[in-house]
Each structure stands twice: as C-alpha cells, then as structure tokens.
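Have a look at the structure below before the remarks.
The values are calculated or read from the model by the stated rules, or taken from the named source; none is laboratory data. The structure presented is a predicted model; accordingly, all values stated were derived computationally and were not measured. Don't worry about glycine lacking a Cβ; one is built from the backbone with ideal geometry, like all the others, and counts go over all protein chains shown.
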Amino acid sequence: MIDYQALYPLMQSYGLDGWAERLPGQLEQIFKQRPHGDLDRWLSAIEQLPALQPGEVTLDQSRVSAAGTRPLTESEHKTIYALLQQLHPWRKGPYQLHGIHIDTEWRSDWKWDRLIPHISPLRGRSVLDIGCGNGYHCWRMAGEGAGLVIGIDSTQLFLAQFLAIRHFLGAHWPVHLLPLGIEDLPPDLRAFDTVFSMGVLYHRRSPIDHLYELKAALRPGGELILETLVIEGEQGQVLVPESRYAKMRNVWFIPTPDTLSGWLERCGFRDVRVVDVTQTTTQEQRATDWMRFESLADYLDPADNSRTIEGHPAPLRATLLATAT
C-alpha cells in the first residue's frame with residue numbers, strides 16, 4: 001500500500017538491521033488489522049495531487065516549504081487546496097507548498113525554536129520522534145542534517161498528511177513516518193542517537209514505563225528530548241485529573257519539573273536538566289481554516305484563562321534533556 005523500500009537499507013546502515021527485517025511484516029499486519037476507514041480516501045486524495053517540480057525546499061525555517069519553479073495556475077491552486085483540505089484537521093505545522101500556506105492549529109515552530117539551542121547537534125545522527133503527528137518536527141530534524149529520522153504515530157490521518165507533504169518536498173529525504181505506537185517498537189533497541197518524546201508523556205497511563213521505553217530506544221550516551229505538560233510546585237507533586245484536563249479524557253499524570261527530573265534519574269538517565277518552561281498561549285495553539293474544531297481558547301475558563309475549563313492550572317509545558325546510560 002505504502003512504499004517503504006528506501007527506509008530499510010537506511011535502517012541497516014544505522015544498526016537497526018533486526019528491526020528492518022521485521023518491519024515489512026509488521027506494517028502489513030497493521031494495515032490489515034488496524035486500517036482506518038478513511039485511509040483509502042486520504043490516499044486517493046494524495047494520488048490526485050499534481051506532480052510539481054520543487055524549485056527550492058526549505059527545512060530550516062518556520063514554514064517547512066516547497067517553492068515551485070513557476071507560479072501555480074489558478075486551477076492548480078484550487079485543486080491542491082481542495083485535496084489538502086480533505087486531510088483536515090491539520091494539527092502540526094506550519095507548511096508552505098507552492099504558495100499555499102497550511103496554517104495549522106499549532107505553531108510547532110515555536111516549540112522547535114525553544115529547544116533547538118539546547119540539544120546536541122543532529123547532523124549525521126539517527127533520530128526517533130515518538131508521537132510525531134504529521135511529521136513537522138521530523139522535517140525540521142532533517143533540516144538540521146540528521147542522517148535518519150523515523151517518526152512514529154499510530155494516527156493514520158497524520159501518515160496521510162506526511163505523505164502529502166513528502167509528495168511536494170520529494171521522497172529522497174531520510175525522513176520516514178511509521179503508523180506505530182511506542183508499544184510496537186522492538187524491545188531494547190538501544191540504537192538511536194537522539195529520541196524525542198513531545199506531548200506524549202501525559203497521555204501514558206504509566207509514565208515511568210514510558211521513560212523506560214524511551215531509554216530502551218537510545219544507545220548508551222544518546223540524548224532524550226522530553227517535552228510534556230507540567231504544573232508549578234515542588235518535587236514530589238503531581239496532578240492526576242479526576243476526569244478530563246482541558247477537555248481531554250486521556251490525561252493521566254502532570255508532574256512538576258522537579259518531579260519529572262527525579263523520575264528520569266530514577267529510570268537511570270543522567271545529566272537531567274530542564275531547559276525551558278513555557279505557558280501555552282492561544283497564539284501558539286488555535287483554530288484556523290486548516291483546523292476548524294475547538295482549540296485552546298475553548299479549553300480555558302473564559303473568566304480566568306489561568307485555569308482550564310475544569311479548574312485545573314492552564315497548560316504549562318516543560319522541555320527536559322537527559323542522557324541514556
């Protein structure tokens with residue numbers, strides 16, 4: 001259904017031989033047993049996208065972009081816009097494709113700008129991005145010179161969006177998105193130079209198990225970039241919402257930064273440090289023409305934007321770095 005042939009030799013060159021051998025069968029099973037009912041429709045929309053020669057591809061600026069060698073005709077613009085809108089909602093971005101600005105719900109570039117000054121250079125490294133959405137940050141990793149970028153996200157709409165973006169950027173980049181969850185990874189890979197887990201931890205019923213899974217994917221000395229919701233407070237404090245948090249059902253544990261640092265150290269990480277703590281604003285996460293559902297403004301108490309609609313502290317996000325042992 002989706003061609004991953006270019007991925008397997010690249011995986012082998014980065015010491016992922018065993019997984020590369022098993023992955024084709026794993027993907028075949030997932031598409032047979034867990035197909036989304038709209039996947040064929042999404043793939044059909046991608047197949048209808050016109051083939052346009054990218055004159056310039058930009059992966060190191062806020063908008064991941066492909067600029068054409070000529071302006072689009074009015075008909076081409078309308079066709080591409082309509083086909084990309086069939087992949088609504090677009091959560092992560094922004095993108096600029098032949099003059100079409102995909103103004104996504106999240107200004108994901110803001111998160112990237114907060115973390116990139118602090119992390120180890122990605123040039124030549126193998127990178128795993130867990131819960132990668134449609135792959136926006138994967139493209140930014142390639143823009144920093146990563147040698148292999150594998151994003152995993154089980155939401156097949158995000159895979160379709162990634163394929164649409166790759167249609168215009170070109171398939172030669174070392175960036176691939178797999179429709180997998182972290183539970184689908186082989187145990188104890190110990191192979192990646194860098195692992196990103198951003199916006200995932202608070203969705204895990206067992207955060208400690210998630211940290212061990214992240215460590216198992218890293219080579220000794222590899223770097224973890226962990227970004228998640230936190231609360232203000234002292235070490236040992238954790239918010240466990242009774243039901244929903246900002247209208248989300250699947251939010252389990254929101255620790256303080258010091259608590260999270262302690263969890264990482266308990267799991268065997270070293271050099272743990274908090275490099276950023278930022279309040280999420282309605283400028284960073286909002287509804288747009290490309291994401292027309294509710295967004296952050298609808299999740300906050302209209303009388304007090306420092307609280308969620310349920311009365312919890314409003315979203316505060318921390319980025320931590322740690323080294324695997």
Sort out which residues of the range 215-234 are farther than 11 Å from A322 by Cβ and in contact (Cβ under 8 Å) with a residue 60 or more places away in the chain, and write them in order of number. A217, R219, P220, G221, E227, T228, L229, V230, I231, E232
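Answer with yes or no whether V57 is surrounded by 15 or more Cβ atoms within 10 Å (Cβ to Cβ), farther than 19 Å from T288 by Cα and under 24 Å from the mean Cα position of the chain (by Cα).
Numbers: surrounded by 15 or more Cβ atoms within 10 Å (Cβ to Cβ): yes; farther than 19 Å from T288 by Cα: yes; under 24 Å from the mean Cα position of the chain (by Cα): yes.
Yes.
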Would a scan of the range 146-159 turn up a residue that is under 22 Å from L83 (Cα atoms), of a type in the set (A, V, I, L, M) and in contact (Cβ under 8 Å) with a residue 12 or more places away in the chain? yes
S75 vs. criteria part of a helix (DSSP H, G or I), of a type in the set (G, A, S) and more than 17 Å from the chain's Cα centre (by Cα): yes
Can you tell me which residue within the range 70-80, out of those that are touching a strand residue (DSSP E or B) at 6+ places or on another chain (Cβ under 9 Å) and surrounded by 14 or more Cβ atoms within 10 Å (Cβ to Cβ), is farthest from W42 (Cα to Cα)? L72
I'd like the full set of residues that are modelled with pLDDT of 95 or more, surrounded by fewer than 16 Cβ atoms within 10 Å (Cβ to Cβ) and of a type in the set (G, A, S), limited to the range 32-53. S44
Take the conditions surrounded by fewer than 16 Cβ atoms within 10 Å (Cβ to Cβ) and either among the hydroxyl-bearing types (S, T, Y) or more than 27 Å from A217 (Cβ to Cβ) (or both) and apply them to T308. Does it pass? no
Can you tell me which residue within the range 212-244, out of those that are among the β-branched types (V, I, T) and not in a loop (DSSP other than H, G, I, E, B), is surrounded by the fewest Cβ atoms within 10 Å (Cβ to Cβ)? V238
Residue pairs meeting the criteria (Cβ under 8 Å; at least 6 apart or on separate chains; first over 27 Å from Q283 (Cβ atoms), in the range 68-95; second part of a helix (DSSP H, G or I)): L72/I80; L83/A45; L83/I46; L83/A164; Q86/R41; Q86/W42; Q86/A45
Can you pull out every residue in the range 3-14 that is crowded, with 17+ Cβ neighbours inside 10 Å and either acidic (D, E) or assigned to a loop (DSSP other than H, G, I, E, B) (or both)? Y14
Just name the residue that is nearest to the chain's Cα centre (by Cα) out of those in the range 267-299 that are closer than 26 Å to I116 by Cα and of a type in the set (K, R). R286
One residue from G143, G124 being of a type outside the set (V, I, T), on the phi > 0 side of the Ramachandran plot and at pLDDT 95 or above: G124
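Could you grab me the full set of residues in the range 275-292 that are touching an Asp or Glu at 6+ places or on another chain (Cβ under 8 Å) and either closer than 30 Å to E213 by Cβ or outside any strand (DSSP E or B) (or both)?
First pass over the range 275-292, keeping only residues touching an Asp or Glu at 6+ places or on another chain (Cβ under 8 Å): 285-291.
Hits for the range 275-292 are Q285, R286, A287, D289, W290, M291.
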Selection over the range 15-31 where residues are touching a Pro at 6+ places or on another chain (Cβ under 8 Å) and surrounded by fewer than 13 Cβ atoms within 10 Å (Cβ to Cβ) yields a count of 1
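Here is a yes/no grid of residues against (1) modelled with pLDDT under 95; (2) hydroxyl-bearing (S, T, Y):
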residue: Q235; (1), (2): no, no
residue: L239; (1), (2): no, no
residue: S243; (1), (2): yes, yes
residue: F253; (1), (2): no, no
residue: D258; (1), (2): no, no
residue: R270; (1), (2): no, no
residue: V274; (1), (2): no, no
residue: T282; (1), (2): no, yes
residue: W290; (1), (2): no, no
Give the residue that is farthest from S120 (Cα to Cα), with candidates limited to residues of the range 304-325 that are among the small types (G, A, S) and part of a strand (DSSP E or B). S306
Subset of the range 81-91, residues within 19 Å of the chain's Cα centre (by Cα) and exposed (fewer than 15 other Cβ atoms within 10 Å of the Cβ), comes to H88
Quick one: how many residues across the range 18-37 are free of Cβ contacts under 8 Å to residues at least 24 places away in the same chain and closer than 16 Å to L189 by Cα? 2
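For the range 93-211, which strands (runs of 3 or more DSSP E) that fit wholly inside it have 3 or more residues that are buried (at least 17 other Cβ atoms within 10 Å of the Cβ)? Before you say what the answer is, go through the steps one by one.
On the way: elements: 95-97, 100-102, 126-130, 148-152, 175-178, 192-198.
The strands (runs of 3 or more DSSP E) meeting that bar are 95-97, 126-130, 148-152, 175-178, 192-198.
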